[in-house]
Amino acid sequence: MAKEMKRIMVTGSVGQIGSELTMALRKKYGNDNVLATGHITKPSPALRDSGPFEFIDVAKRETIERVVKKYNIDTIYHLSAILSAVGEENPQLAWDVNINGTYNILEVALDNKLVRIFVPSSIAVFGLETPRDNTPQETILRPTTMYGVTKVAGELLCDYYVKRFGLDVRGCRYPGIISNITLPGGGTTDFAVAIYFEAVKNKKYTCFVREDTMLPMMYMPDCLKAAIDLMEADLSRLKHHCDFNVTAMSFTAGELAAEIKKHIPEFTCEYKPDFRQAIADSWPNSLDDSAAREEWGWQPGYDLSAMTRDMLRVLSKRHAEGKLNY
Ligand code: SER
């Protein structure tokens with residue numbers, strides 16, 4: 001019988017995924033059983049008022065250990081990371097947070113006999129030599145960004161802790177994540193979020209990648225589902241652990257703009273590629289996620305049209321109430 005996850009800690013809980021994952025976990029496992037942690041940014045009132053919150057620095061092991069002991073934590077969702085675009089501006093910071101942070105989480109988990117750890121990876125593990133269409137689970141991992149380097153090393157490190165120490169670490173390679181609560185912080189796929197906010201607010205958007213740039217993407221409800229389903233999966237069924245390809249849809253920036261235009265006919269999109277174009281060009285168009293489907297029943301719920309309907313419904317309502325601040 002697998003050990004139960006009863007006392008959960010989320011790192012990076014103030015970030016794009018962490019903020020929504022914390023609320024989903026609190027709903028599922030009980031508010032008091034889910035400790036949200038962040039580094040510098042203050043938590044939103046929703047996060048702060050619905051359960052415990054602590055500041056930590058994942059690059060400093062003792063700050064993690066203090067709260068793991070204080071709250072008797074047995075499970076960690078390790079979401080804190082520096083994303084691809086910020087990582088290119090500050091590679092040293094990306095290494096420190098993503099590599100030393102992950103190493104500290106694993107070491108604290110081992111020493112304190114934690115039950116299970118979730119460490120997400122990313123499509124950024126792939127590079128120019130990787131097959132771009134329907135990218136296989138097992139393939140060439142030679143990323144060109146510091147973010148990608150830290151994600152490949154992170155996957156290998158986590159798998160090492162599984163094999164060498166029997167620590168139950170799990171993770172999937174997220175594609176671009178689209179959401180409407182907390183904005184992403186400095187990634188290459190951020191255009192696919194910003195375009196919705198700008199479409200609702202200003203009816204126009206200037207996109208920082210070319211119109212024909214295709215990337216794998218996923219709507220936030222599916223992103224949360226992937227994390228929770230993978231963490232709930234029967235360990236004996238898993239052949240992979242920390243590197244599952246997962247995807248929900250693939251589209252070009254132009255196809256995304258056209259989908260939004262179906263709902264907001266006056267919407268216009270211009271394309272002014274910047275340094276993030278080269279990063280996007282090094283990532284796949286689409287992923288083969290059959291290992292995730294076979295080993296833990298992965299199945300996304302949203303495609304481009306369902307996601308667009310929902311994004312525009314939520315953002316238009318917030319805009320009408322004068323609350324579309326970003
Ligand atoms: N969304 C991330 C980024 O663009 C990819 O993991 O950096």
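The values are calculated or read from the model by the stated rules, or taken from the named source; none is laboratory data. The model shown is predicted, which means the values in this text are computed figures rather than measured ones. Cβ atoms come from the backbone with ideal geometry, glycine included; neighbour counts cover every protein chain shown. Quick note on the areas: whole protein, heavy atoms, side chains included, nothing else; ligands and nucleic acids left out. Shrake-Rupley method; radii C 1.70, N 1.55, O 1.52, S 1.80 Å.
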- Before rounding to the nearest 500, sum -39500 (n - 2.57) across all DSSP H runs of length at least 4 in the chain and divide by the residue total; then give [θ] at 222 nm in deg cm²/dmol. -12500 deg cm²/dmol
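For the peptides 152-163, 94-105, what is the packing order when you average, over each peptide's residues, the other Cβ atoms within 10 Å and list the highest mean first?
94-105, 152-163
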- How large is the dipole of the range 174-326 about the Cα centre if only Lys and Arg carry +1 and Asp and Glu carry -1, each at its Cβ, rounded to the nearest 20 debye? 720
- On a 0 to 90° scale, report how tilted helix 101-111 is relative to the longest principal axis of the chain, with both axes built from alpha carbons and the result rounded to the nearest 10. 30
- Rank these by accessible area, largest first, 1.4 Å probe: 241, 39. 39, 241
- Amide H to amide H, which residues 5 or more places from residue 271 or on other chains are under 5 Å from it, using H placed in the peptide plane? 207
- Query: Cysteines of the chain lacking any other cysteine beta carbon under 4.7 Å?
  - Reply: 172, 207, 223, 269
- Would you mind calculating the relative contact order of the chain from Cα pairs under 8 angstrom and at least 6 residues apart, reporting the percent as a whole number? 18
- Task: For the chain, find the longest principal axis of its Cα atoms and tell me its angle to the long axis of helix 304-320, 0 to 90°, nearest 10.
- Result: 80
- Item | Apportionment of accessible area to carbon and sulfur, the range 24-178, percent (1.4 Å) | 54
- Charge dipole of the range 1-155 about the Cα centre (unit charges at C-beta), most positive-ward option of 110, 50, 121: 50
- Item | For the chain, with +1 on Lys and Arg beta carbons and -1 on Asp and Glu, the positive-most of 68, 134, 85 along the dipole | 68
- Tilt of helix 16-29 relative to the longest C-alpha principal axis of the chain, in degrees (0 to 90, nearest 10)? 50
- Across the range 47-169, how many lysine pairs, 8 or more apart or on two chains, come within less than 22 Å at their alpha-carbon atoms? 8
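What does the accessible area per residue of the chain come to in Å², with a 1.4 Å probe and no ligands, DNA or RNA counted?
43
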- Message: Please list, by residue number, every one of the GluC sites (Glu not before Pro) in the range 220-326 that is coil in DSSP and has at most 12 other beta-carbon atoms within 10 Å.
- Response: 266, 321
